[in-house]
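Student: Before we start, here is the structure in question, set down as structure tokens.
The values are calculated or read from the model by the stated rules, or taken from the named source; none is laboratory data. Worth saying up front: this structure is predicted, and the values here are computed from it rather than measured. Cβ placement follows ideal geometry from the backbone for every residue including glycine, while neighbour counts extend to all protein chains displayed. To get the accessible areas, we keep the full protein, side chains included, count just its heavy atoms, and leave off ligands, DNA and RNA. Shrake-Rupley method; radii C 1.70, N 1.55, O 1.52, S 1.80 Å.
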Amino acid sequence: MGTRRRARTRQAAATAALLSAAVTLSLVAGCTGKSASPDDSRGTSRTPTGSRTTMPSATGVLAVKIDNASAARPHTGLNAADVVYAEQVEGGLSRLMAVYATRLPKQVGPVRSARESDLELLRQFDRPTLAFSGAQGKLMPLIDRAPLVPEPPGRVSGAYVRDSARPAPHNLYLRPDRLLPSAPGAAALTTGFHVGPAPSGGTAKTSFTVRYPAARFAFTWSGSERGWRVAMDGTAARTTDGKQLAPPTVVVQYVKIRASAFHDFLGNNTPYTETVGSGTATVLRDGRAYDVEWKRPKAEDGTTFTTKDGRPVNFAEGQVWVAFAQK
């Protein structure tokens, strides 16, 4: 009897070890981004730790990674953003990051995955909340260590919803009021931007196009709207409520876009957009284009835009788009 009992004990221990290994392999597979709702091979990467039903005590801006594939348009809530960043991603395509400080829309989206460049870009804000659908498994530890509040799906109850009328993965939407109790206010916009009268000089300009290898943004001045009408890949950019996107100020910031250490599931390299440093930019406002210089000495600094003689360049009141272009 004692021998058989010891054998059964060893068998039970072996079974438990196999089950533990299977669970571990399952979690590792989840970290590679193989999920039921793939996002460029990036799912939520793992079940978020510290899942909760209570609202976090966030006080910084809300930054949301937004899908910009054709199937993701029209966007929701984009017209409420204070700043919209346009960046190049894998395959020469584009993606957006919308930053909210003065007002929060009811929904924002579709939400997609984060990139390494986002961490450097967001350092200029004090403890921002980053809403994103997931990230590559190797990137998640960097996100967890960054000075921000990461909010992928599953961490706050009810923060994300799916739109059954759209195909996945272009149908994930954020409900901002589940992450922030209220808009943090304009003081949270520590971007270094100046608002005020237009600078002198400049060149009359009615349109400007920013091209990526497989995407493009066109900005056309509208005097009646006092803004630059946005077109994406040749189609006018409207939100789901029918409003044409027409920011009063557009910044085309020339930066270094280099290869990163990350790839998508097709093997395409993820570009890294360097936003710390200095360079040139074109500021569009009031139907004119201004050739300016930009500077951001450290990651925690905002980005200043000045004329050749060092005077700050004022932006118009209202939404600002910053399109990062290869210098």
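Student: Which part of segment 309-327 falls in the paramagnetic zone of S200, meaning amide N under 19 Å from the point 7 Å along Cα-to-beta-carbon?
Tutor: From segment 309-327, the list is 309-315.
Student: Next up: How much length is gained if the chain between A261 and D144 is pulled fully straight, taking 0.36 nm per residue apart and subtracting their Cα-Cα distance, in nm to one decimal?
Tutor: Full extension of this stretch gives 40.3 nm more.
Student: Any chance you could run the full-extension gain for E120 through R216? It's 0.36 nm times the residue separation minus the Cα-Cα distance, nm to one decimal.
Tutor: Between E120 and R216, full extension yields 32.2 nm more.
Student: Something else now. How much accessible surface does H170 have with a 1.4 Å probe, in Å² rounded to 10?
Tutor: Approximately 30 Å² for this residue.
Student: Leaving out same-chain residues fewer than 8 places away, which aspartates and glutamates sit with a Cα under 17 Å from that of K243?
Tutor: Of all the aspartates and glutamates, those that pass the test against K243 - Cα under 17 Å, at least 8 places apart if same chain - are D82, E225.
Student: Which value, to two decimals, describes the C-alpha radius of gyration of segment 178-261 once divided by 2.2 N^0.38 Å?
Tutor: Here the Cα radius of gyration is 1.37 times the empirical estimate.
Student: Contour minus end-to-end for E225 and T59, with contour as 0.36 nm per residue of separation and end-to-end as the Cα-Cα distance?
Tutor: Working it through step by step, the gained length comes to 56.5 nm.
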